[in-house]
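The values are calculated or read from the model by the stated rules, or taken from the named source; none is laboratory data. Just so it is clear, the model here is predicted, and its values are computed rather than measured. A quick note on method: Cβ atoms are made from the backbone with ideal geometry, for glycine too, and the neighbour counts reach across all protein chains shown.
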Amino acid sequence: MAKTHLKTRIKDRTISEDGEVLDEKTVSYVVENEKDFYITYCKVLGLLKDMKLGEIKTLAWLVSTSHFNNNMVVVTSGVKQKIAKDMDISISAVNKALAPLVEKEILFRDKDSSVRRDGVYYIHPEYYWKGSLVERAKVLRIALEMQKKVV
């Protein structure tokens, strides 16, 4: 069973001249398992309006199953079948979703992936991240360097 952690953060505090706390607003949130926690950055919302439903569903599935601290996902024909079944779309829609997600630089293909649509992909940490913020900074630096080489 996953451990549940209640995290609390002070958002705003009013203190009198004597040092007495007069008013305090806190924000609490529950983290059940650090490996299941991921962040969606607002920047991705602007991309959604230009995405087809198959792209959105494929990306949602990939995000939820990406590896911790590197955003890696392995896409094989079996994985495509699972995406199609889980997200209630066709395998054709999954196949058609991958190229536009790469073109929009939401996904990056591993340079050693040999088959056109199968292989190892990384979700750009500028849009989604599952892992520590220290590791995100490292992976984000690599992703930005990859973008410079492509341009």
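Just give me the residues in the stretch 37-62 being modelled with pLDDT of 90 or more and among the β-branched types (Val, Ile, Thr), in sequence order.
56, 58
Under 7 Å by Cβ, and 6 or more places apart or on different chains, what pairs join a residue from the stretch 130-145 that is in the same structural domain as residue 110 (by TED's automatic domain parsing) and touching a residue at least 24 places away in the same chain (Cβ under 8 Å) with one that is acidic (Asp, Glu) and surrounded by 12 or more Cβ atoms within 10 Å (Cβ to Cβ)?
Hits for this filter: 143/126.
Among the listed residues 83, 123, identify the single one that is hydrophobic (A, V, I, L, M, F, W, C) and modelled with pLDDT of 95 or more.
Within the list 83, 123, the selection yields 83.
Can you spot a residue in the stretch 138-150 that is surrounded by 15 or more Cβ atoms within 10 Å (Cβ to Cβ) and modelled with pLDDT of 90 or more?
no
So that you can scan it fast, the table gives a plain yes or no per residue for (1) at pLDDT below 90; (2) surrounded by fewer than 13 Cβ atoms within 10 Å (Cβ to Cβ); (3) under 17 Å from residue 51 (Cα atoms):
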{"site": "69", "(1), (2), (3)": "yes, no, no"}
{"site": "72", "(1), (2), (3)": "no, no, no"}
{"site": "87", "(1), (2), (3)": "no, no, yes"}
{"site": "92", "(1), (2), (3)": "no, yes, yes"}
{"site": "99", "(1), (2), (3)": "no, no, yes"}
{"site": "111", "(1), (2), (3)": "yes, yes, no"}
{"site": "116", "(1), (2), (3)": "yes, yes, no"}
